[in-house]
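Scroll down for the structure; my scribbles are underneath it.
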């Protein structure tokens, strides 16, 4: 019997952004995530100190988390053409083309921007979006 090698556990994906709270809210609503205790938005008219630094969203079903790190500047990704590649993107899946169309409407309503539309591709229907900070992400049928 082979000895299992110890490996690190993938904890989270961290996205740089110029508005951590706004980007966390986008992904919280898109994926149905929840804030790590203590990272929730403050009461109205209360300064959002955490929202200007570092926030973590947890997946209620388990698995990797999403974290948001505030930065002063962030060059906009110019993928698929241009000087600034996407460097990292998130993939998410739905079960049917109908679900893909429903999520397409949700992404746009939440503030995402369509980068590439291949929803009518019979072999791999998908759409590529940019989140409000410009990070690309995909939704495809699998």
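Here, each number is a calculation from the coordinates, and none is a lab measurement. Keep in mind the model is a prediction, meaning the values are calculated, not measured. Every residue, glycine among them, receives a Cβ derived from its backbone with ideal geometry; neighbour counts consider all protein chains shown.
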For the pair residue 123 and residue 59, the simple spin-label estimate (label points 7 Å beyond Cα toward Cβ) gives in nm 2.8 nm
Here the residues of the range 116-142 lying in the modelled label zone of residue 101, meaning backbone nitrogen under 11 Å from a point 7 Å along Cα-to-Cβ, are 120
Along principal axes, largest first, the alpha-carbon spread of the range 90-141 in whole Å comes out as 30, 16, 15
Using the Kirkwood formula on alpha carbons, the hydrodynamic radius of the range 1-45 in angstrom works out to 13.6 Å
Eigenvalues of the alpha-carbon gyration tensor of the chain, times 5 and square-rooted, give semi-axes in Å, largest first, of 25, 22, 17
Here the alpha-carbon Rg of the range 1-78 over 2.2 N^0.38 Å rounds to 1.34
Pseudo-spin-label distance residue 16 to residue 88, built 7 Å along Cα→Cβ, given in nm, is 1.0 nm
Given 20-33, 113-126, the highest-first ranking by average Cβ count within 10 Å works out to 20-33, 113-126
